[in-house]
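What follows is one structure encoded as structure tokens, with my remarks underneath.
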Amino acid sequence: MDNEQVIDILKKKYLFTEIGINKLKEFSRQLLIYNSRYNLISKSTEKSLWNRHILDSAQLITYINFSIQGGIADLGSGAGFPGLVIALYNSNPKFHVKLYEKSPVKREFLVYMINKVGINAVVRENVYSEKISSNYIVCRAFKKLKEIIKISRENALKPHKLIILKGKNAQEEINNVSLESNYKYKLEKSITDDDSKIIIIEAE
């Protein structure tokens with residue numbers, strides 16, 4: 001899928017505005033510039049940036065209610081996936097996005113993009129240093145599901161929804177985690193990879 005096809009999907013399926021698309025274009029341009037100096041994303045995925053990273057992140061919008069007064073916490077934001085893409089889509093000033101990233105280089109890039117493009121998001125260093133009060137917890141290429149559930153149980157206020165992008169071993173990871181009765185999950189197919197899954201967990 002080429003960039004224009006992805007942009008068409010972002011507009012028609014996910015209702016990104018022209019302003020949002022332009023911000024994504026600037027984000028992708030700056031990311032490639034930074035990536036020539038720092039390893040923010042794998043060099044092998046640069047040519048498929050829009051499909052592999054941007055669209056993969058944008059598909060999570062389906063599972064988020066942006067009309068509420070609340071927000072999301074993105075654990076291990078890296079170069080901004082999925083949190084920065086979600087923040088670019090969000091137009092509700094009362095819906096907040098927190099990007100947690102331990103790498104100083106990646107945090108610097110996230111802060112730069114927030115200021116450069118004008119994005120309603122803040123960057124945090126340590127997911128373990130404060131209580132997570134967000135309605136949604138999202139992550140992509142973060143830690144094993146067991147550790148994500150531990151963070152949810154011990155460091156996040158209830159209720160909240162976990163939205164986790166995982167590969168082909170998603171069901172196996174779930175099977176290896178002991179979910180308590182107040183955790184209900186379902187699996188959704190990823191639109192960017194037939195083998196990948198989106199784990200959605202309601203934590204009450």
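Ordering THR192, THR45, ILE151 by the projection of their Cα atoms onto the charge dipole of the chain, which places +1 on the Cβ of Lys and Arg and -1 on the Cβ of Asp and Glu, puts ILE151 at the extreme positive end.
Comparing Cα centroids, region 161-179 and region 18-76 end up 22 angstrom apart. In this structure region 116-204 gives 55 Å² per residue of accessible area when probed at 1.4 Å with all protein chains present. The alpha-carbon of LYS143 sits under 16 angstrom from the alpha-carbons of these aspartates and glutamates, leaving out residues fewer than 8 places away in its chain: ASP74, GLU101, GLU125, GLU154, GLU172, GLU173.
Based on DSSP loop calls and a cut-off of at most 16 other Cβ atoms within 10 Å, the longest stretch of the chain free of exposed trypsin sites (Lys or Arg not before Pro) is what?
Looking at the chain, 48-93 is the longest stretch - no exposed trypsin sites (Lys or Arg not before Pro) with at most 16 other Cβ atoms within 10 Å.
Would you work out the charge dipole size for region 8-148 about its Cα centre, treating the Cβ of every Lys and Arg as +1 and the Cβ of every Asp and Glu as -1, and quote it to the nearest 20 debye?
Values: 22 positive and 11 negative charges, 42 e Å.
Roughly 200 debye, rounded to the nearest 20.
Which percentage, to the nearest 5, of the DSSP beta bridges contained in the chain is antiparallel? Of all bridge pairs located within the chain, approximately 40 percent are antiparallel. Past 26 Å, Cα to Cα: identify those pairs from LYS102/LYS184; LYS131/LYS168; LYS106/LYS150, in the order given. In this structure, LYS102/LYS184; LYS131/LYS168 exceed 26 Å between Cα atoms. Neighbours of ASP193, meaning other residues whose beta-carbon lies under 15 angstrom from its beta-carbon, give a summed charge of +2 when Lys and Arg score +1 and Asp and Glu score -1. Candidate cross-link partners of LYS47 among the lysines, defined by an alpha-carbon separation under 18 Å and a same-chain spacing of 8 or more, comprise LYS25. Once the Cα-Cα distance is subtracted from the 0.36 nm per residue extended length, the ASP2 to SER181 segment shows a gain of 60.1 nm.
Extension gain for GLN30 to GLU202 (0.36 nm times residue separation, less C-alpha to C-alpha distance): 58.4 nm.
With K and R counted +1 and D and E -1, the other residues having a Cβ less than 10 Å from that of TYR100 yield a net charge of 0. Kirkwood radius, the chain, all distinct C-alpha pairs, inverse of mean reciprocal distance: 17.1 Å. Would you mind checking region 90-122 for residues with the amide N under 20 Å from a putative spin-label position 7 Å along Cα→C-beta of ARG37? Those under the cut-off are 102-118. Counting heavy atoms of the protein chains alone, MET1 has an accessible area of about 120 Å² for a 1.4 Å probe.
The values are calculated or read from the model by the stated rules, or taken from the named source; none is laboratory data. Note that the coordinates shown come from a computational prediction; the quantities given were computed from them, not determined experimentally. Glycine also receives a Cβ, built like all others from the backbone with ideal geometry; neighbour counts cover every protein chain displayed. Surface areas here come from the heavy atoms of the whole protein model, side chains and all, with no ligands, DNA or RNA. Shrake-Rupley method; radii C 1.70, N 1.55, O 1.52, S 1.80 Å.
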